Each structure stands twice: as structure tokens, then as C-alpha cells.
1. So, in region 121-159, how many residues would count as being surrounded by fewer than 20 Cβ atoms within 10 Å (Cβ to Cβ), closer than 16 Å to Ile91 by Cβ and among the β-branched types (Val, Ile, Thr)?
2. If you check Gln207 against the conditions, is it touching a helix residue (DSSP H, G or I) at 6+ places or on another chain (Cβ under 8 Å), in a loop (DSSP other than H, G, I, E, B) and at negative phi?
3. I'd like to check something: does region 212-234 contain any residue that is over 26 Å from Asp307 (Cβ atoms), hydrophobic (A, V, I, L, M, F, W, C), buried (at least 19 other Cβ atoms within 10 Å of the Cβ) and under 29 Å from the mean Cα position of the chain (by Cα)?
4. Of everything in region 350-382, what is within 12 Å of the ligand (Cβ to nearest atom) and within 19 Å of Met476 (Cα to Cα)? Give them in sequence order.
5. Within the set of pairs 6+ apart or on separate chains, which have a first residue in region 385-396 that is part of a helix (DSSP H, G or I), a second that is of a type in the set (S, T, N, Q) and within 12 Å of the ligand (Cβ to nearest atom), and C-beta atoms under 8 Å apart?
6. For region 387-428, give me each residue that is more than 12 Å from the ligand (Cβ to nearest atom) and either on the phi > 0 side of the Ramachandran plot or among the polar types (S, T, N, Q) (or both).
7. Go through (1) more than 30 Å from Lys266 (Cα to Cα); (2) free of Cβ contacts under 8 Å to residues at least 24 places away in the same chain for Pro118 and report which single condition fails.
8. If only one of Lys377, Lys455, Lys425, Lys448 is touching an Asp or Glu at 6+ places or on another chain (Cβ under 8 Å) and of a type in the set (D, E, K, R), which one is it?
Amino acid sequence: MAKAKYIFVTGGVTSSLGKGIISASLGKLLQARGFKVTIQKFDPYINIDPGTLNPYEHGECYVTDDGAETDLDLGHYERFLNTATSQANNITTGRIYNNVITKEREGQYLGKTVQVVPHITDEIKRNVYLLGESGDYDFVITEIGGCVGDIESLPFIEAVRQVKWDVGQNDFLVIHLTLIPYLKAAKELKTKPTQHSVKQLLEAGIQPDILVCRAETKLPDDIRKKLALFCNVQYNSVIEALDADTIYDLPILMRKEKLAERVLTKLKISNKTEPNLDQWKDFLGKLKNPTEEVKIGLVGKYVELPDAYKSIAEAFIHAGAVNECKVDLKWIPSESINEENCQSVLGKLDGILVAPGFGERGIPGKIEAVRYVRENKIPFFGICLGMQCAVIEFARNVLKIKDAASTELDENTKSPVIDLMEEQKKITIKGGTMRLGAYPCTFKRGSKAATIYGKSKIIERHRHRYEFNNKYLTKMEKAGLMASGTNPETGLVEVVELPDHPWFIGTQYHPELKSTVLNPHPLFVKFVRAAIQNSKLHAKN
Ligand code: GLN
């Protein structure tokens, strides 16, 4: 297609309806017809990015190749579309204002009063067109975070209204995702909240073209008709989105509801080819018909909120499907683990993943968990802080460096086996200053990591300040902890493994960020396989 088409996804009635999944599913259905699609999210909060937000506030912070700290919905976009996103795919109000204020200081608006309309709205639109005019995409799907009617989303909604007049009706479409609640006492699905949220959009000058209606029960015909009538949309533009067993069902459910067909018709695109969803269906088939089951413990600090580990949980779903194995994730708060209870808390698990994290809370429990799995030969996978804990544990219990620590855990430790890099020591501001984004890593020949990836050089994404302290490298390797992956330019240790353990791997990077439905991550795939083998071994004993 010569010009990109712009699709906006707004939300009404309540948050958490799954705009990200609907956007990703639509993207998938368009991509499966051969179109090039990208998905972008606008977040209406003032933080420049979610990098400084507590996971309890915001869930996982997803990191892109170019080192942007972004909303977790970008993870869904990548997992569904199997294409990389970048900073351009996630823009917050804070970033918009920051850009406008920087331009103002540079004198770019000299003589003018800088205002929400047109300056903020122009900056919002510039970020939409940046993707649309790159020539890389047929469709730019832009998800507007929050709910219609929120004070903070107003400038975004106004910008959406303006886009219609910039690009013309045929290249512009709005999908409104809404909730149709069921009132048990009245035994009725209620359309009024949706009517109100559409009215709010209309007040802002936007008529949604398609309604996607989240509901717990099927939408009967009369409800669809009522929604069409009162919300001023065509009857067949009322799309039902029922609760699903897995988010990965959504592209199939949306296909049945003909969401992409409606979009194509409304945008006057006559491509009537059938979407090719063979690989997707193959994945779903395996996901839903497992022949094995394993219990994997996820030891973390934020386990009360599973969204904090979204990409890890999804990577296990992908890896489970490849192995035709149901992965039963057991969420274990790291603070609850100590030397005495390791056996009872961890003993029945087939594999343990020690999760990423920040701050000293929970580190001692993570170190105890590593000791237990190392000594008992249980498959172990440590990610970022999890890998750092594995290094500390090895130093303390194998090298007998009793005070070994990370300087994150103990600033004054005499044995900083994990330490800040020199350049990090000078940094005082917090936002966007970690080692972020894609870095290369080369493997030692014959290492487990090299065999698992089937390559000698890879690129993975990072988000951390602390590193393996290379002063201890020789001692560690002599005692049996192999630094199997290192950064070829800086020599920083990226992967550690124990060659004499069935499966013990720690990565300084975050492999979970690159696992997708079509490309499950090899480390997760092989870790699940190791857990299956371990469970069989136990069954025999
Ligand atoms: N807190 C550790 C660091 O900054 C680990 C970070 C992480 O697990 N993402 O190095």
C-alpha cells in the first residue's frame, strides 16, 4: 500500500479491558493477510517512561532493542506480531511535554504562546506520523491508554480527532473497546455504560467506527442492535469479545467476529485473501493439548502481582507449547524462603527460576533458593538479579568467601562479586540510566548456552546497573562456575553456567523479552525440557 492507514483503539467504561490484546489480535489478523503492521501505545501519565515506576504500580517494564523502557503491552505486540518495537512505539504524556518544552527553550516557537492545542496535539500527531510516514507499514495501530473521559487522555483524544482531517476518512478508523456488564439480579446485559462512553467520544468530536464489546456472556441479537442504534455504528460493526481461556485465543475469536474484515471494508481495502493462521493454530493446538506437566517455581519479590513478570510467564507458555507440556507456575515470594524451609517450599518443584528484581529485599531468600537447587541438582534458571544471586551463592558456599555480596545488597562489602560498573558509579539520576537494550554476547565453544542457542553469537536485551565483577572471574571458573557468555567488546559476563549440574544457567540479560509465539526462546524451551526430565527422574525414584 502506498500510504499507511491509521487505526486508533480507545477504551471506555473501565480500564483493564485488554486494549493491548485486542490491538495485538487485530494486528495479527492484518499481518496474517500479508500487511505490514506496527502497534503503538500512548500512555497518559507524566512519567517520561515507566522505567522509574514500581512494578506494583505498573507491572513489568518491557525493554526494546533500542533500550526504551516501555509499557508491558509492547510485549504483547511483539509476542503476537513477532516483530520488534522501539521507543517510537510507546509515548507518554511526560515525553510529549518534555519534547514540547525542550523545543520551546530552543526557541522553536519563538513569539508564540505554547498551548495544548495545537502544540501538544501536534507533538502527539508527529509521533503517530513518524511511524506512518516511515514507509515501513501499511497500518499503524495506536492504542490510547486509560479510559475515554479521563482528564489526562483529553489531548490524545483531541489529536485523534485531528488526524481524521489530516489524513482523510479513508485512511482513518477508530475502534472503541467497551464493557457490557451483566446484572445478575436483572438477568440482563446492560448497554448504558457503553452508550455513555460513546457519547463522551462524540463530545470530543470522534465517532467510533467499530465497537468491540467485552462481555462475560454472548451478546444476543437485540443487544447488538441496541448498541448499533444508540452508538451510531453499523450492526455488523458491533464485535463481541468474550472472556477467553488464553489471550492467544483472541486472534481466532476476533477472526470469527470478522474484526479485520470490518476494518478492511471500512478503510476501502479490497484485499479479500484469507489470513494465514496455520502456525498460530498449531501453537494453540499444542498449548491446549499438553501431554506432560511440570511445576516450575518462580522465586521473586513481586509475586503478588504476576503482571510484574509478564514476559517470563508468557515465555513459559510459548516454551510449554513447544514441549507439549503444561507449565504450572508456582509463584514463591523470595522473602518467605530460608535455610530451614527450602526443602518444604522448593522440594516438590521440577525447576526453579529466580526472577529479576531491584533492591535488597528478598535477595537472601533468592540466594538460599539457588543453594538448594545447586546442591540438589534441580534445573535452575536465573535471570538478571537471579543470575547475580547465583554468583553470590557460588562465591559464598563454594569459594567460601563468606561476605561475598552485591553492592546492591551491601554497599560496603569487602567482597563485591557483583558490583557497579565504573561508568555507573558516576551516574546519579535514575531515569533511563541503566544498561538498557540490545547487547551482543559470544559463547564459549562447547558450553551449554552455545548448544542451546545453536549459535556462537547472540544479541539479547538488558536492564540492570550491576555486573559480574571480573576480578573474581578466574577464581570462579577454577571452582567450576563457567562464564559461558561474555560481551565481545567489554568482556562483561553475560551468562554463567555449571557444567557439572543437569541444568544451571544464569543470564545477566532478559531472554524473556524476545520470546514470541512463533519464536519461543531456546533457553525457556530447553529449561522446560530439563524440568520434564527432572520430573520423570523423580517419578522413578
Ligand atoms: N538490580 C539488579 C541490577 O540493577 C538486577 C536488575 C534486574 O534484575 N533487572 O543490576
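The values are calculated or read from the model by the stated rules, or taken from the named source; none is laboratory data. Worth saying up front: this structure is predicted, and the values here are computed from it rather than measured. Here the Cβ is made from the backbone with ideal geometry for all residues, glycine too, and neighbour counts use every protein chain on show.
1. Selection size over region 121-159: 0.
2. Answer is yes for this residue.
3. Taking every residue of region 212-234 in turn, none turns out to be over 26 Å from Asp307 (Cβ atoms), hydrophobic (A, V, I, L, M, F, W, C), buried (at least 19 other Cβ atoms within 10 Å of the Cβ) and under 29 Å from the mean Cα position of the chain (by Cα).
4. Gly382, the sole residue that qualifies.
5. Met387/Thr507; Met387/Gln508; Gln388/Ser406; Gln388/Gln508; Ile392/Ser406
6. Residues satisfying the conditions are Asn397, Lys400, Asn412, Thr413, Ser415, Thr428.
7. Just one mismatch for Pro118, condition (1).
8. Lys448 is the lone residue from the list that is touching an Asp or Glu at 6+ places or on another chain (Cβ under 8 Å) and of a type in the set (D, E, K, R).
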